[in-house]
1. Would you please state which residues of region 36-61 a label at ALA26 would reach in this model, taking the label point 7 Å out along Cα→Cβ and a backbone N cut-off of under 12 Å?
2. Only residues of region 42-56 count here: report those whose backbone N is under 20 Å from the spot 7 Å along Cα→Cβ of VAL103, or say none.
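Just so it is clear, none of the values below were taken in a lab; they were calculated from the coordinates. Keep in mind that what you see is a predicted model, and the values were worked out from it rather than measured. Backbone-built Cβ (ideal geometry, glycine too); neighbour counts: all protein chains shown.
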Amino acid sequence: MFLKSFLTLAILGVLAGPAAAQTTPAMQAAAAASQAQRMAQELGLSPDQHARLRQVLLLTRQHLDADLAAHQGDPGGLRTAMAFDRAKSDELIRGVLTPAQYVRYQQYKAARIGQLHSTSQVGR
């Protein structure tokens, strides 16, 4: 159960790396900027797309922290809230990217999920 929640948490952050519990606004902004930079390089984003993506990622991280605070001790509620936020984030990201970039984003995301999944299987 914990592993599934952890993977969901990591995916919501658009797979930026290990997910943490609640973070400060400065930490959220720094993580969103770093993730947006990696994605900008990976997907070949314009400066405008990069700025818009950074805002989407920051909003996603803020919602994640709000979900964690609102659903302490309620894994089912947390999963539901996170699923909604993942869908909304994906919708917003799709609006920033061209169709070709969105396809590459989906491939990038799938590869990162695979990396997280294989890493989580180590030591089992």
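1. none
2. Backbone N within reach: 42-46.
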